[in-house]
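Computed from the coordinates by the stated procedures, all read-outs in this text should not be read as laboratory data. Just so you know, these numbers come straight off a predicted model, no measurement behind them. Counting neighbours? That spans all protein chains shown, and the Cβs are built from the backbone with ideal geometry, glycine included.
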Amino acid sequence: MNIEWRAQFGPFMLSPAERLLEQDGEPVRLGGRALDLLIALVESAGEVVGKHELLSKVWPNMVVEEGNLRFHIVNLRKALGDSGGNSRYIVNVANKGYSFVAPVIRTAPGSRATLAKPESAVRLPVLSTVVLGRDEAVDMLTTALSRYRLVSIIGSGGIGKTTVAIATMHSLYKEFGGDVHFVDFSCISEIELVHATVASAIGLAHCADEQSALEAHLADRTTLIVLDCCEHLIDEVAKLIESILRNCPDIRFLVTSREVLRAAGEYVYRLQPLAFPPDGDGLTGMQALAYPAVKLFVERAAAGGIDFTLSDEDAPLVSRLCRDLEGIALAIELAASRIEALGLRAITQHFDAGASLLWPGRRTASARQQTLRATLDWSFNLLPTDERSLLTRLSVFTGTFSLDAALDICNPDQGRFMGMELVANLVSKSLVAVDAGGTTLRYRMLDTTRSYCRHMLESSEEFATVVQRYANFYNNWMVQVTQHADAADLVELDLPNLRATLDWYIFEGKQFTKAVELAAMTCPLLLQSSQLVECSRWAQAALSNLPDEHVGSHLEMRLQRALGQSLMFLGSGRNGRAAAAYRRSIQLAEQLGDLKEMLHLLSGYLVLLHREGSYTDALNTAHRAQALLTELDDLQSAFIVDSLMGVCLHMVGRIDESVRHWENCFVYTADAPHVLDSKLGFEYHIRALCGLSRTRWLTGSYRLAYTLAEDTILKAKNHGHAVTYCLALIWAGSVYSYAQDVERITDIAEELERVGKLHSLEPYRKVADILHGQVMIMQGHPAPGTERIRDAVESLHGYGYEMVTSVALTFMAKGLSDLSLHSASLSMCDEAEATIHRGGDLLRLPECLTTRGKCLVKIGNVDDAEQSFVSAIDLATRQGAWSWRLRATLALAELRVGQGKNKEVVALLLPLVSAADGENSADLARARTLLNEYLEEINEPTA
């Protein structure tokens, strides 16, 4: 142990070489072991010293129980007067050891540390816990105090202003030569005591509250004074500070307050909540601990006497709780204190902002921080009457709100200028927050503050009036918003308030018509922004309360369409709700004579039929849509019909016909780009591009297919609609699946999984699982690959999503064959073929027949294998699917190789290879290798 130093902390001087501890110059009686402990802790001040390390230093070469260490730590704390309040020196860090947390000034042996005035040592408040996630704040405040003489830390109650102020004060202790002072105003209620409290803190005894005495005492000093909790004395504190700054050139103030002082020369630092994990991130325990809010929760829970560590399973729960508590340090500490009694799952699953107001804190905390309610009581009781009234009314909002909404709903009786001033005052006092991230300012209340004020509003006589104004405002606002080009973005901002309005209309019981009208206006915009869960909720709520006069109306038609489309993409299951909603909306469009709307409804229903695996029915529906063109004589309708016909013909294996329809689409869009407009997830141009990219691959134009697929996926991504993007990833991305391009398939699967998770599009996430399974099988891991596909297919059955079933079954058959489970593989091929014939997706049959033939070869059934390959070749040839023909022909050629029929290999492959000049693929490369090998053997010209 190095003892060549002296250390001063608070009123104490420690001299290890002399084995002496002094307090204000007087020796302190301390046992030898306790003194050794103190020396070891001070030597590593600011760091955690492990228990075993302390035992080895204090009791070297001895076996000692931890109980001895705790006994001497208790005695040492008593000697230092460590009461756990503002005189904290030694902190127990749960499961780690002990840390000396008071600021220490070291000097050389034989010298004594001297402080600037005053001569008596300064007692600084110490932190009872480690400061988490505030390094940047402390650094910025330290820098600010080097440039400004008055710096204010502003923030809502419980956010951690005092903690940050104390940490900043300690970081500047040496720079101010120890002349740093902390003044706690939280226990003072009379302005007459302000001067006396400051005077006492800076060492000016018996001051008679005279400003001149304070200024004379500070005139020649370089001092930092920290004034904590100033909001209730703000006018008097501002006057005192301004006067001292005018007359004492080297004095600096660091102030904490929930409200800006508005004093001359003030630099305002708004303290933000502790960072917490964003919604939707599946973090591990270690990843979650990188966020200060989570780390604070875990540390406080562990310090509460339980063995709490953050597991990967618990990380999402703690992350969500920290989000719900919005990173407010006090709220997180209070939540952590309930873990021992209630458990983590109970707190997170039954979290309520109102109940959290009553969680008890430390007994030794100030009265205003014993509970969140006490913290809010403190702030609320300081407000003037008009600000209290406005704050209470603002609790009607859910989420963020605009200034216009706040004024019209919550301040209708006063002038707008006065209302704006009141809002500004509440922002200044950290009771309303400003979100400046968008094109216009938005405002919000913290959930705990809103819950506190909402209780007051609901108990008042004006509750019903305020809520009615709220509902009327958003209903009228929605009528205006629908005329805007960016209506979907505007609705997304105010969606929580619109949702509350809908609920109010329904709950109130006499305003069902307004509820239906609001839902009918909002649902299309929700579809446009991929808010599918919201859309289905709104549509079902409105239809469940549909007044008799609206049955069979355009309103019902639009709501049924919204319900059908949202349920379809969410995964409607086998209960047929999406199909029933679509059929009802189509029936209404026909009855109302709205042929334009009927065309769009048939288009959506066609997509649903494809998702259900009903490809023949989809083609019939497309013909029904085509028949409408006799009365709909416009480019957009023709464009939609050609796009639909192209998709339907493609899937049933009529490739040449599908291409003609898609080429028509591109002629229309070149002549009239406006026909591309689609806001509801059916971007017909992108669908046509997807189909064309697949067709290019199937007809052997591989390079063009790759280029077109990449461009289409990028175009869909930039379109900004989640469903459109997912459809492009699956449809255009199938080019990579056809080509068995592992890297590209993996990229598509990962992106599909990400977007599906982000927008609750579960069927698309399961399609991603099928692609991952395909990659596993291709990479030589057939068992996990087949199992992953099987699980995905079963889940998709539950969603009623059968669009990729035949493809998935064919992949599984390949995997089972690779596992030498040939009987199971052939059964899977039979099931795939039955599914194809039942639904009509004949385009997928050649690949299924080729897979069956390869399995038959493995079990030696050559005749049936040959018949399967020949059937695949004949069908692919009739369909115009050149690539499926090549793959089946290559499989047959490899069979002929095994039979020694080399001339037949050349006869099979030469026409295809010759026709593919300039193109390349894995199948073509294999075909060229075989062809060249057997051409040489029979002495024929090389292709």
Problem set entry | Expected-Rg normalisation [2.2 N^0.38 Å, Cα atoms] applied to the stretch 860-943 | 1.05
Seminar exercise, completed: For the chain, the longest principal axis of the Cα atoms and the Cα long axis of helix 615-627 enclose an angle in degrees, to the nearest 10, of 80 degrees
Seminar exercise, completed: Taking Cα atoms only, Rg over Rh for the stretch 147-286 with Rh from the Kirkwood formula is 1.05
Exercise. If you find the alpha carbon centre of the stretch 693-719 and of the stretch 527-574, how far apart are they in angstrom?
Worked result: 34 Å
Problem set entry | Least to most buried among 624, 887, 537, 147 (fewest other Cβ within 10 Å first) | 147, 624, 537, 887
Exercise. When the dipole is taken about the Cα centre of the chain, and only Lys, Arg (+1) and Asp, Glu (-1) are charged at their Cβ, what size is it in debye, to the nearest 20?
Worked result: 1320 debye
Seminar exercise, completed: Taking 823, 395 and counting other beta carbon atoms within 10 angstrom, the fewest-first order is 823, 395
For this session: Stick to the Cα atoms of the chain, pair each with every other, and give me the Kirkwood hydrodynamic radius in Å at one decimal.
Result: 33.8 Å
Exercise. Nearest 10 degrees, 0 to 90: what angle lies between the long axis of helix 742-758 and the longest principal axis of the chain (Cα atoms)?
Worked result: 60 degrees
Exercise. In nm, to one decimal, how far is the modelled label at residue 587 from the one at residue 52, with both set 7 Å along Cα→Cβ?
Worked result: 7.6 nm
For this session: Could you state the angle between the C-alpha long axis of helix 66-80 and the longest principal axis of the C-alpha atoms of the chain, as a value from 0 to 90 degrees rounded to the nearest 10?
Result: 50 degrees
Exercise. In what sequence do 746, 501 fall when counting other Cβ within 10 Å, fewest first?
Worked result: 746, 501
For this session: Give a residue-ordered list of calculated ³J(HN,Hα) values for the stretch 308-315 (Karplus: 6.51 cos²θ - 1.76 cosθ + 1.60, θ = phi - 60°; whole Hz; x for Gly, Pro).
Result: 10, 10, 8, 8, 4, 5, 7, 3
For this session: Calculate the spin-label point distance for residue 140 paired with residue 718, positioning each point 7 Å from the Cα along the beta-carbon direction, and give it in nanometres.
Result: 3.6 nm
For this session: Mind giving me the FRET efficiency for residue 309 and residue 71? R0 is 25 Å, r the Cβ-Cβ distance, nearest 0.05 is fine.
Result: 0.35
Exercise. Fully extended, how many nm does the chain gain between residue 455 and residue 417 (0.36 nm per residue separation, minus their Cα-Cα distance)?
Worked result: 10.9 nm
Problem set entry | Cα centroid separation - the stretch 734-797 against the stretch 914-933, whole Å | 29 Å
Problem set entry | Cα pair distances in the stretch 385-629, grouped into 5 Å bins until the bin that holds the longest one, percent each | 1, 6, 13, 15, 16, 13, 10, 8, 7, 5, 4, 2, 1, 0, 0
Exercise. From the backbone phi of the stretch 907-912, what are the Karplus-calculated ³J(HN,Hα) couplings (6.51 cos²θ - 1.76 cosθ + 1.60, θ = phi - 60°) in whole Hz, Gly and Pro given as x?
Worked result: 4, 6, 8, 4, x, 6
Problem set entry | Nitroxide proxy distance, nm - points 7 Å out along Cα→Cβ at residue 463 and residue 320 | 2.8 nm
Problem set entry | Sites residue 190 and residue 510, calculated FRET efficiency, Cβ-Cβ separation with R0 51 Å, nearest 0.05 | 0.45
Seminar exercise, completed: The answer for the net charge of residues other than residue 405 whose Cβ lies under 14 angstrom from its Cβ, with Lys and Arg +1 and Asp and Glu -1, is +1
